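What follows is a set of notes on a single structure, which appears directly below.
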Amino acid sequence: MGDIAEDETTFYSNAEGYWKEVPPTVDGMLGGYGTISSIDINGSKAFLKKCLGEGEGKTGTGCALDCGAGIGRITKRLLLPLFNTVDLVDVTQEFLDKAKTYLGEEGKRVGNYICKGLQDFVPETGRYDVIWIQWVIGHLTDNDLMEFLRRCQKALRPNGLIVIKDNVSYEGVVPDEVDSSVCRDLEIVHSLVGRAGLCIIHEEQQMNFPKEIYQVHTLALR
Ligand SMILES: C[S@@+](CC[C@H](N)C(=O)[O-])C[C@H]1O[C@@H](n2cnc3c(N)ncnc32)[C@H](O)[C@@H]1O
């Protein structure tokens, strides 16, 4: 037990240490793949627009949460253009500091900048129409991910959605010692989501990314 706890502590503290050394830029957020940011954002916009609107069962556009937001790359180009208010949560204070200038004038509509690990973060009950979780689930242990997703479900408004967009491996769990994360295959992600008590409403693979990187899947959950 002690060993597991110790490993977990190192898993999180190594990741924190890694991100502290990364420059607060779009390229830094995307591990040197800054050029794919537009393809990513356009894919996300098309995905999200299918779910948002006014009609029966449609997701509202009042408030969104950007999880593992970094400098606010997604907040700036996806969430602020679609939602009245956006909150950002990230474990790296330097990124959130940068977000305050990076987001520009529209950044006035940010509700809260929250510096916390998602494993410890409790989102406010019933506050969010959309909780966006991109390129960060690999930094959480299975258990912490499931618990976080459960807390997110409680934080949704009626018809709200949790969106996970992340790398998936071909098979099994692939550890990354450099940034202290793991990459899970799609079956494992599905199983964790199910065990967290969430249903998959919609799922797509992001197309047109470079061939040498992991496949990226987007899952809408509630
Ligand atoms: C690959 S970057 C992605 C940033 C952003 N989601 C994007 O797509 O532009 C990963 C981000 O997760 C943050 N992070 C790493 N571990 C975290 C944790 N346990 N809780 C919250 N944020 C974390 C890092 O500080 C970094 O900003």
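If you take the residues in region 79-97 that are within 10 Å of the ligand (Cβ to nearest atom) and buried (at least 24 other Cβ atoms within 10 Å of the Cβ), which one is farthest from PHE148 (Cα to Cα)?
Among those that are within 10 Å of the ligand (Cβ to nearest atom) and buried (at least 24 other Cβ atoms within 10 Å of the Cβ), it is PHE95.
Could you check region 156-219 for strands (runs of 3 or more DSSP E) lying wholly inside it with 3 or more residues that are under 18 Å from the mean Cα position of the chain (by Cα)?
156-168, 181-183, 200-205
Hey, which of the helices (runs of 4 or more DSSP H) in region 1-115, taking only ones fully inside, have at least 3 residues that are farther than 21 Å from VAL216 by Cα and among the acidic types (Asp, Glu)?
The qualifying helices (runs of 4 or more DSSP H) are 2-20.
Which residues, taken from region 115-137, are within 10 Å of the ligand (Cβ to nearest atom), in contact (Cβ under 8 Å) with a residue 24 or more places away in the chain and over 24 Å from CYS51 (Cβ atoms)?
CYS115, LYS116, GLY117, GLN119
Could we say that LEU149 is closer than 20 Å to ASP90 by Cβ, within 13 Å of the ligand (Cβ to nearest atom) and aliphatic (A, V, I, L, M) here?
no
Restricting the search to region 175-191, which residues are open to solvent by less than 50 Å² (accessible area, probe 1.4 Å) and aliphatic (A, V, I, L, M)?
Result: VAL182, LEU186, ILE188, VAL189.
So which of GLY160, GLY55, GLY60 is more than 9 Å from the ligand (Cβ to nearest atom) and exposed (fewer than 15 other Cβ atoms within 10 Å of the Cβ)?
GLY55
Do we find that LYS100 is more than 10 Å from the ligand (Cβ to nearest atom) and either β-branched (Val, Ile, Thr) or modelled with pLDDT of 95 or more (or both) in this structure?
When the stated conditions are applied, LYS100 passes them.
The values are calculated or read from the model by the stated rules, or taken from the named source; none is laboratory data. All values derive from a computational prediction rather than experimental measurement. Ideal geometry is used to build each Cβ from the backbone, glycine not excepted, and the neighbour counts take in all protein chains shown. Note: accessible area is taken over every heavy atom of the protein model, side chains too, but ligands, DNA and RNA are not part of it. Shrake-Rupley method; radii C 1.70, N 1.55, O 1.52, S 1.80 Å.
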